[in-house]
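Everything on this sheet refers to the single structure shown next.
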Amino acid sequence: MAGNQERRRPSPDELAGLAGRWLPRPALEALLAGALQGLGVSLCLHRIAARPRPTDWQEGLSMPAPELDELIELLLAARPARLSVTFDDGYRDAAEYIRARAPRFPNVDFVFFICPEKTELRAGFRWDLFEQSHRPEAMSAPADVAKENHRPELRALGELDEYALSTLDELKALTALPNVQLGNHTSLHLSSAKSEDAVVKADFERSTSAFTRLFGAPHHFAFPFGTPRHHFEQRHVDWLRALGPFPIWTTEARPYRMDELAPGAVLPRYPVNGSRDARSLAGWIGARALAFRARGTRHRY
């Protein structure tokens, strides 16, 4: 009978989120302060929206601005060694958030990871084309590094309000803010480990060249689909290190020690699920940091 069925046990991450939501705020702040002391924390986000976008291709890609504000305030109160808030893909709503919040949070480093050719050519993403057309082939066409961002159906997306990317002028204006930097996010946005090596290597090289032409040498790179060993491997790191000394950011959910910062370092970012509230996210971040301290683990590349 249904009443006798065993209930699914919450995962450790879910339990940490519940603790963050229900702990008294002073207790949550004390937990964060102890967990994050001396560590660097980087958050990975994608879009800002007043409510979850029901057509997001993955849950939690959009986050309400007030919830992110509260999360940043909770983390700043914990005084980590460094706090950075990063956005991937280059959407205009994220740029507007950065422009408004960088002056408000001067102790936060904001990094906006953009796809340089998409920005220049106003070419949208395959998942946005799928959202608009509901055609599965929109996601599965073979990738061609020289032709992808010239596809008319992708270029038609770039200026639509729902999928609008930041313009070159908007991005250059952001870099005038002292705590904002741009980073390279490739021009094809592929999973490196699940794509042909020749295409991935060419995309790294071509996007680095395009970024340098448009904005100067990149100071940051973020893997699209950045889970270590699942989406990228050692050879991908080696190809990137041959292109410059910039740090290489992933979506491994942990903080980092400050001695991990070095030219070509592979660094973690917490992938933020924007459908969760600020306090549950803070509890999750703190619990992951405590586990990191206990294990002392890090991925070496």
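Quick notes
- Among residues of the stretch 76-89 that are in contact (Cβ under 8 Å) with a residue 60 or more places away in the chain, those with a beta-carbon under 9 Å from a residue that is basic (Lys, Arg) and open to solvent by 10 Å² or more (accessible area, probe 1.4 Å) at least six positions away or on a different chain give the pairs Ala81/Arg257; Asp89/Arg47.
- Looking only at the stretch 184-230, and only at residues there that are in a helix (DSSP H, G or I) and modelled with pLDDT under 95, the one that is farthest from Leu261 (Cα to Cα): Lys194
- Residue in the stretch 237-246 that is basic (Lys, Arg), surrounded by fewer than 20 Cβ atoms within 10 Å (Cβ to Cβ) and over 19 Å from Ala143 (Cα atoms) present: yes
- Candidates Ala176, Ala198 - the one that is closer than 26 Å to Arg104 by Cβ and open to solvent by 70 Å² or more (accessible area, probe 1.4 Å): Ala176
- Any pair with Cβ under 6 angstrom, 6 or more apart, that starts in the stretch 102-125 at a residue that is over 27 Å from Arg82 (Cβ atoms) and ends at one that is open to solvent by 10 Å² or more (accessible area, probe 1.4 Å) and of a type in the set (Phe, Trp, Tyr): Gly124/Tyr163
- Scanning the stretch 234-246 for residues that are on the phi < 0 side of the Ramachandran plot and either touching a Pro at 6+ places or on another chain (Cβ under 8 Å) or touching a residue at least 60 places away in the same chain (Cβ under 8 Å) (or both) yields Gln234, Val237, Pro245, Phe246.
- Residue, farthest from Arg99 (Cα to Cα), within the stretch 129-175, restricted to residues that are in a helix (DSSP H, G or I), modelled with pLDDT of 90 or more and aliphatic (A, V, I, L, M): Leu154
- Odd one out for Pro271, checked against (1) open to solvent by 60 Å² or more (accessible area, probe 1.4 Å); (2) in contact with a strand residue (DSSP E or B) (Cβ under 9 Å, 6 or more places away or on another chain): (1)
The values are calculated or read from the model by the stated rules, or taken from the named source; none is laboratory data. Values in this document were obtained by computation on a predicted structure and should not be read as measured data. Every residue, glycine among them, receives a Cβ derived from its backbone with ideal geometry; neighbour counts consider all protein chains shown. These accessible areas exclude ligands, DNA and RNA; they are computed on the full protein's heavy atoms, side chains included. Shrake-Rupley method; radii C 1.70, N 1.55, O 1.52, S 1.80 Å.
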